[in-house]
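**Student:** The structure's right below; bear with me while I get my questions together.
Bear in mind that the values in this text are calculations on the coordinates, not laboratory data. All values derive from a computational prediction rather than experimental measurement. Cβ sites come from the backbone with ideal geometry, for glycine too, and all protein chains shown count toward neighbours.
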Amino acid sequence: SSSVGLQRFFLAFLASLCLLPNPAEAAWFRIGVVGPWGCDPLFAKALPSVAAQLAVNRINKDPSLSYAATFDYAVLQEPCETSRALEAFVGFHTKASGYIGPTNPGYCDAASMLSKGWNKALFPWGCVGYELDDIRNHPTFAHSMVRPTWVLFSLMNYFRWAHIGIISSSDDIWMETATKVADSLRSHGLPVRLVSFMEHTPHGIRRTLAKVRKMREIRIVILCMHSALIGGKVQQLLLETAYDMQMIDGSLVFVPYDTLLYSLPYHNVTYPALKSNSKLLRAYDAVLTVTIDSPHTSFYEAYREAMEKGEVAKTLKPQQVSPLFGTIYNSVLLMAHTVRRVRQSGEWMSGGNLAGHTRNLAFQGFSHPIKTNSSGSTLLNYLILDTDGLSWELKPTYSIDIEAGMVRFLGRDIHFPHYYGPRKDSSCWFTPGVICSGGVDLFSTIIMFLGESLTAALLFLLLPRRRVNQIRLVRGPNKILLTLADVTFINPSLSNKKLSLDDSRASGMKSISERSITSPVSTQSPATYENSNVVIYEGDWAWLKRLPNGTFSSINPKTSDVFELMKDMRHENVNPFLGFFHDCGVFAIVTEFCSRGSLEDLLLNEDVKLDWMFKSSLLLDLIKGMKYLHHRGVCHTRLKSRNCVVDGRFVLKVTDYGYNEVLEAQRFPYIEPPADELLWTAPEILRSGHLGLHGTQHGDVYSFAIIMQEVVIRGPPFCMLDLSAADIVEKLRKPPPLCRPLVSPDYAPLECIQLMKQCWTEQPDKRPSFDEIFDQFKNINKGKKTNIIDSMLRMLEQYSSNLEELIRERTEELEIEKQKTEKLLTQMLPPSVAEALKVGGVVEPEYFDNVSLYFSDIVGFTTISANSEPIDVVDLLNDLYTLFDAIIGNHDVYKVETIGDAYMVASGVPVPNGNRHAAEIANMSLDILSAVGTFKMRHMPDVPVRIRIGLHTGSCVAGVVGLTMPRYCLFGDTVNTASRMESSGMPYRIHVHQSTVKVLHHLNLGYKLELRGRTEVRGKGIEETYWLVGRDGFTKPLPVPPELKSGISTNESKNIKQVFHKAVKKISHVRVVTQLYAPCEEHNVMMSHH
């Protein structure tokens, strides 16, 4: 046995030179897609297998993702009953490396605890429950999309619909969903008045709707069932019955829950359920469909593109596929990105690390972009779609921005039945920390019984709360409300700005240079709040932007919210908001003081020489500032050169953002601005009422174009036109002809002039966004010279950037090499052993009481080698072992070594797995035998590759042998016996020792075993052995083994010889073989290396 061991070690050393894995080759990562695909036909319409296959194919083609791992998927069937679903999930332990799902929220908590024990990631899209956000109890859990209850809460908060009813179909999945949604909304303090599980019968539906009608306080009904738009018959019957019961009257709003889980197409889409059913169409007038916004490409368009590229089959039309397809695709993609993050970080590929690396991701999903924040929460935009009861088209009315926490009106009102919607509930339901005792109805009832005395008492009770809010504003390090005690007014002459008394009371419309001419105030007069807008705040100069009227007495809570939002704006090209001054009858916005004044001042100052690089630098600052504001969802509305200030370093900063929101929140009377203030206003806004109050991002782009004209020609807006401001505004309002500034190409590069014209085009949707403007503008100055200061600064900046980039590249290269080394080590040794060796530890030999071993080799390998070139033999073994390696990745086994054509695998070592080792080895053996049945050699495709397999169970000792080239080896009689089981086996058969058979019988998993009889096992004597021929539920084809005889007959030997002769004749570079075997070994064609 010692000589055999030395021979194996020597062969292993030689084989390792050509058989070691490529360090650049990624490991396998299988994603399990869990859902009720087999028991619910509407969930099956999501085509989970196609969605996962498409995602995996695209991931594996993406070098930035596939370098981390080679991805695969498995569709895991979740029974529709919750109890059986949990039982099935327990069996998914070895099916995948990470899980997308479960779909049933009823056992999400239990599934998360199981995945925690398995240390595998769980990324569901349908789980609901605030308790799942506890990272200590659920470290491997991460949502793959926005929590649907957050979206519902944003909707109800905006419309102030607090009283909720939830109706669920009688399916387990939807009943569990209804229960979890109710619990989640109650955790927000909202009153869920009804949770009803509806029977799928006309009587059951009427009974449920009658309960809703009795509870008149209910404003919104959440429907936990499949949407009628994608084939949900239960929801269709419910809405039709509600119409028959005259409940479609505007007092209730129905919101389908399942559309929150995917992006429902609406643009140019016809839904047969609405188009062919007039009753459902009228009933749908009371339905608000909330779904994920796909801004550029709808789900159907994205699916059609995949069909045209041949990525998915053309057997189904896009309208026949559930949009949940996209959610499955996006979830798989999210897990792939987290795998890449973990691989980049050098951490172990564990479930906890995967869940922890979902932060700050951004990538393109199937039909819409995916983004996560610093806490790992997914950030998506949602749309509220509505119909008018007459047309079957769904129209967007509001958008829900999860990142900003805002609901935005899109210009189209919701059409409610009878032209009115549900009554609003008391705002106290949505005020954190406030206990609400019933809302509007109870409040009205109390007033009716108690009268004016109780009203006075309530007002008295509200005073302390107002006082608390005021204290929060004026105290602490982050206070916003400033008074005379916080600031010191200084003489404006110190800053060379002579401010008039009129300006100190005006809204700040005129530029400083204009106002300084008529200043009647002596520059030597003491500075007070009456004659100065410049103050010292916290040691720095600040500017007061006064509002038109300061006679009010209190701060509106909505105004406080606006200022809180402005306080969060932080960008180098946005003038920071420091607070608001409210004292002595003065109400003013406090911002950072910029010593160079406004952009208009700079342009009018002839002493300042502005070359093109100087101008372009100012414009680029303006673009970056507006780009930031638009990314934060803020429209400036009043953008002009007077609202752009320049600091001492000639950095331009956008100011006065949020000014209109403050006016609106504080309910200032509307004053129409003069004509000269409207020259920057977009034509479409000029044609609307209340000029300057409400703006758009397209309108800001137009205003930017006018500022570009000012900077380029260094003159006021429309200065080349001999027209008054009023005439220009009138021409802008009423084209044709189109009225725009005339700018000669001599003033700026042609690309800049073209960009300016794009920005002031008449059609708002044709104007570029600031992202596009930035991309175009930054390329205009390439190759241009700049002034001395700019050149020096840019050189220093470029040197610093290049140095940082060089350091980053070297660090990345070092990290990549480290990952390659660690990956190679983990491919040669078990992860636990490799980790111990990396930290310099000693791996002690370990005794394992019960393991199962697998041995296999190729029948006739010596003969095949003799008739093949060496490179062909290497290709054969490489192809075969690559196939084997892919198979063992699906089982809880460890590949010990390969010696020539011999392949050795163990289960239960180095990590014990109870009695499952025998089942894992048996399942793997059946899979390998099935795969070998169709395997073809490249150079001898007509010669079948036949293998013998031997299995044995027993004890062994495992440890690391060697220092220069350490190997993890197994020692003991179990190893020898497993080898003997293989050598005494037959082609295409799995030879199993009685020890393994006993464990398989004990597991009772339906393994099919045939008694071979008493067999002589070399070194063990005569023992009973068995053939493993299948397992219950195993449907893969197995190759047909030869008939069981004492040896190989002469006829069979001749047949084998004929096959080899035919194969050899087909290969021109192989020498002619005249004799395949020696005459003395007529019955011993199958040679073993043992």
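**Student:** Please give the contour-minus-distance gain from Asp849 to Glu1024: 0.36 nm per residue of separation, less the Cα-Cα distance, rounded to one decimal in nm.
**Tutor:** 60.8 nm
**Student:** In addition: Please give the residues of the range 88-105, grouped as numeric ranges, whose backbone N is less than 18 Å from a label point set 7 Å along the Cα-to-Cβ vector of Asn137.
**Tutor:** Zone members listed by number: 102, 105.
**Student:** To the nearest 0.05, what FRET efficiency results for Val651 and Arg408 with a Förster distance of 35 Å applied to their C-beta separation?
**Tutor:** Working: r = 31 Å, r/R0 = 0.89.
Efficiency at R0 = 35 Å is approximately 0.70.
**Student:** How far apart, in nm, are two points set 7 Å out from the Cα along the Cα-to-Cβ line at Leu814 and at Lys936?
**Tutor:** Spacing of the two 7 Å Cα→Cβ label points: 5.1 nm.
**Student:** Still on this structure, I have one more. To the nearest 0.05, what FRET efficiency results for Ser49 and Met965 with a Förster distance of 45 Å applied to their C-beta separation?
**Tutor:** Calculated value: 0.55.
**Student:** Now, a different point. Regarding the range 239-352, what is the average projected area of its C-alpha convex hull, in nm²? Each step should come with its number before you reach the end.
**Tutor:** Values: hull surface 44.0 nm².
For the range 239-352, the mean projected area of the Cα convex hull comes to 11.0 nm².
**Student:** Continuing with the same structure: Given a Förster distance of 60 Å, report the FRET efficiency between Glu804 and Arg1014 from their Cβ-Cβ distance, rounded to the nearest 0.05.
**Tutor:** Values: r = 75 Å, r/R0 = 1.26.
Once the sixth-power term is evaluated, E becomes 0.20.
**Student:** Then there is this: Relative contact order for the range 595-786 using alpha-carbon pairs under 8 Å, separation at least 6, rounded to a whole percent?
**Tutor:** Details: 244 pairs, mean separation 47.4, N = 192.
Computed value for the range 595-786: 25 percent relative contact order.
**Student:** While we're looking at this one, here's another question. Of Phe580, Phe1034, Phe43, how do they rank once you tally other Cβ atoms within 10 Å and put the fewest first?
**Tutor:** Working: Phe580 24, Phe1034 16, Phe43 20.
Going from sparsest to densest Cβ surroundings: Phe1034, Phe43, Phe580.
**Student:** Hey, rough spin-label estimate for His1001 and Asp885, points 7 angstrom out along Cα→Cβ, what's it come to in nanometres?
**Tutor:** Distance between the two pseudo-spin positions: 3.9 nm.
**Student:** Considering only the other residues whose Cβ falls under 14 Å of the Cβ of Pro912, what net charge follows from Lys and Arg at +1 and Asp and Glu at -1? Before the final figure, lay out each step's value.
**Tutor:** Numbers: positive: Arg916; negative: Glu846, Asp849, Asp892, Glu920.
In short, -3.
**Student:** Further question on the same structure: In the range 113-210, which trypsin sites (Lys or Arg not before Pro) fall in coil by DSSP and have 14 or fewer other Cβ atoms within 10 Å? Please list the in-between numbers first.
**Tutor:** Values: sites: Lys116, Lys120, Arg136, Arg160, Lys180, Arg186, Arg193, Arg206, Arg207; in loops: Lys120, Arg136, Arg160.
The qualifying sites are Arg136.
**Student:** The range 565-639: Rg/Rh from Cα coordinates, Kirkwood Rh? List each step's numbers first, then the result.
**Tutor:** On the way: Rg = 14.9 Å, Rh = 14.5 Å.
That ratio equals 1.03.
**Student:** Using alpha carbons only, what's the Rg to Rh ratio of the range 345-385 with Rh from Kirkwood?
**Tutor:** Details: Rg = 12.9 Å, Rh = 11.7 Å.
Radius of gyration relative to Kirkwood radius: 1.10.
**Student:** Output the direction-averaged projected area (hull surface divided by four) of the convex hull of the alpha-carbon atoms of the range 595-786, in nm². List each step's numbers first, then the result.
**Tutor:** Working: hull surface 45.2 nm².
If you wrap the Cα atoms of the range 595-786 in a convex hull and average its projections, you get 11.3 nm².
**Student:** Considering only DSSP states other than H, G, I, E and B, which trypsin sites (Lys or Arg not before Pro) in the range 603-632 qualify as loop sites with at most 10 other Cβ atoms within 10 Å? The partial results should precede the final answer.
**Tutor:** Working: sites: Lys609, Lys615, Lys624, Lys627, Arg632; in loops: Lys609, Arg632.
Taking the range 603-632 and a limit of 10 other Cβ atoms within 10 Å, the loop trypsin sites (Lys or Arg not before Pro) found are Lys609.
**Student:** With the convex hull built on the Cα atoms of the range 871-977, state its orientation-averaged projected area in nm².
**Tutor:** 7.7 nm²
**Student:** What does the charge add up to near Cys739, with Lys and Arg as +1, Asp and Glu as -1, over the other residues with Cβ less than 12 Å from its Cβ?
**Tutor:** +1
**Student:** Shifting gears a bit: Under a crude label model (7 Å from the Cα following the beta-carbon direction), how far is Lys734 from Asn605 in nanometres?
**Tutor:** Placing both labels 7 Å beyond Cα along the Cβ direction yields 4.2 nm.
**Student:** While we're on this one: Compute and list, largest first, the equivalent-ellipsoid semi-axes of the range 524-622 from the alpha carbon gyration tensor, each √(5λ) rounded to a whole angstrom.
**Tutor:** Values: eigenvalues 172, 73, 27 Å².
Over the Cα atoms of the range 524-622, the semi-axes work out to 29, 19, 12 Å.
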